[in-house]
Structures are given as C-alpha cells and as structure tokens.
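The values are calculated or read from the model by the stated rules, or taken from the named source; none is laboratory data. Here the structure is a predicted model, which means the values were calculated and not measured. Positions of Cβ are backbone-derived with ideal geometry, glycine not excepted, and every protein chain shown enters the neighbour counts. Quick note on the areas: whole protein, heavy atoms, side chains included, nothing else; ligands and nucleic acids left out. Shrake-Rupley method; radii C 1.70, N 1.55, O 1.52, S 1.80 Å.
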Amino acid sequence: MSNVVIQTRDLTKEYIRDEFHVIALKDASIEIHSGEFVALMGPSGSGKSTLLHLIAAMDRPTDGEILVLGQNLRALSDREIAHWRNAHVGFVFQSFNLIPVLTAIENVELPLKLTALKKKERMEHAATALKLVGLGDRLNHYPRQLSGGQEQRVAIARAIVTDPDLILADEPTGNLDAAAATDILTLLVKLNKEFGKTIVMVTHDPHAAQYASVVRHLEKGELLPLAQEQAH
C-alpha cells in the first residue's frame, strides 16, 4: 500500500455569521495515498471545495483532525502555514487567477520569489514549467493574448513550478470549452502518471471525473461512505 499523504478524521467546517449558521462540511474522514488522482464530486454546496481548501490549508477547520504529508495543519501558525503551503502545495483555480500586467513567465515565477533562488534561476524554472505544459513558445505573452485553455496551462505551470508534493485543483475546467477542458485533464493525467504527482480535483462534471483514478462523492456537507459510492 502506498503512503497516506492526506488523512482527515471527523473534519468539520462551520460558518457562523450573525444569525446564520452553515455547516459546510460535517465529520469528513478520508485517506488519500501518494500518487493517487482523486476527484471530489458533488453538487454546488456539497462541501467539496471546502474540503479541498482545508487540505490546502487555505482555511481552518472548526473541528476534527487533518494530517497532510505528516503535518498536523491545525498546529501551525498562519505564518508557518504560508511557508508550508508554498513548499508542498500547488493550487489550480477555476478562474486562473493570473495577474494581467505580468507575462506568462512572470506569473509562473511568482511562487519562487518566496524561495532562496536567484532571479536567473527562478526564470529558468518558470520557463521549464511552461515548456512542460506546452507553452514554451508563449513565455512573454500576457494573459489577454492567450486563450482560456492557455491561461489555465499557465496557472498549472505556476502550480508545479515549485515541484510540490500535491496538486489541488478546484473546478479546473469550469471556465473552458470541451476541447480545452480535455487538454487540461490530459495534462493533469500526465502530471499524475509520468511525474508521480498526487492530485485532488474538485469537479461536478462526470466526464472530468473519469480522468481520475479514485472518485469520492459529497452531499450536503457529508462525504459519502465507500459503500454508498457504488450507487453513483
């Protein structure tokens, strides 16, 4: 059995604003192993993005345990979390989140500015990441000069430029047409199969989920037990 790299036990996230009390995630327990490509599926509001953000340490749980790469995320300070995330996690957003005034290579270089690498080394790493995602001829293009699929490839290059242990993707094909979506999903499979990256992807699209090796479903904030998965 491969190593467990993500383990949660009774993970819960509640939001309380004035008189509103929302349980976004309730008692979620999951194990994800090194080298797996896991799709988290469910309708809007099911808790899948909440779970992904907790794994990425972009949010803190209300209750429960979460160990990622052997680290108890609840024990880290905000400063420690920022350094831990930059070292171990590459995050891919649905909306790309590229900076319009920076070129592709400058966008990809950004996470490396928190490392000890010199400028020349950072740019070399960024260029390598862009070549890996098939954009070696677009290094100096601005986001406005790229298609949606190309923008997402830049975002993926930015996510992998630090050689992270985990790639976490939140609806990475949500803003793309069918052809571009297939290209992005094929790229994620390549990163998983050829480079051994552990990937967790949130999606509501059954077609996208077919590219994953493991599919888990969430409904109304609860992660369905494996026995109930068979019904999906």
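Accessible surface area normalised per residue over the chain is 50 Å², counting heavy atoms of protein chains with a 1.4 Å rolling probe.
Solvent-accessible surface of protein heavy atoms, probed at 1.4 angstrom with all chains present, puts Lys190, Lys197, Lys118 in the order Lys118, Lys190, Lys197, largest first. Sorting Phe37, Phe195, Phe91, Phe20 on solvent-accessible area from highest to lowest, probe radius 1.4 Å, gives Phe20, Phe195, Phe91, Phe37. Among 157-170, 199-212, sorting by the average number of other beta carbon atoms lying within 10 angstrom of each residue, highest first, gives 157-170, 199-212. Solvent-accessible surface of protein heavy atoms, probed at 1.4 angstrom with all chains present, puts Ser213, Ser77 in the order Ser213, Ser77, largest first. Of the residues Gln71, Leu191, Gly42, the one whose Cα sits farthest towards the positive end of the charge dipole of the chain is Leu191 (charges of +1 on Lys and Arg Cβ, -1 on Asp and Glu Cβ, taken about the Cα centre). To the nearest ten degrees, helix 178-193 and the longest principal axis of the Cα atoms of the chain are 80 degrees apart.
Close amide H pairs (under 5 Å, H built 1.01 Å from N) link His217 with Met41, Leu224, residues at least 5 positions away or on another chain. His88 contributes an accessible area of around 60 Å² to the protein surface, as traced by a 1.4 Å probe with all chains present.
Our estimate of slack between Asp137 and Arg79, defined as 0.36 nm per intervening residue step minus the Cα-Cα distance, is 17.2 nm. Applying a DSSP loop filter and a limit of 12 other Cβ atoms within 10 Å to the GluC sites (Glu not before Pro) in the stretch 122-196 leaves Glu194.
Output the pairs from Lys131/Lys197; Lys190/Lys220; Lys113/Lys190; Lys131/Lys193; Lys118/Lys190 with a Cα-Cα distance over 21 Å in this structure; if there are none, say none.
Lys190/Lys220; Lys113/Lys190; Lys118/Lys190
What shape does the stretch 1-99 have by the C-alpha gyration tensor, where a ≥ b ≥ c are the square roots of the eigenvalues, rounded means a/c under 1.5, and otherwise prolate means a/b greater than b/c and oblate the rest? Rounded, since a/c falls under 1.5. Each Cα pair under 8 Å and six or more residues apart adds its sequence gap; the mean of these over the residue count of the stretch 1-80 is a relative contact order of 37 percent. Antiparallel versus total DSSP beta bridges in the chain: what percent is that, nearest 5? Rounded to the nearest five, the antiparallel share is 50 percent.
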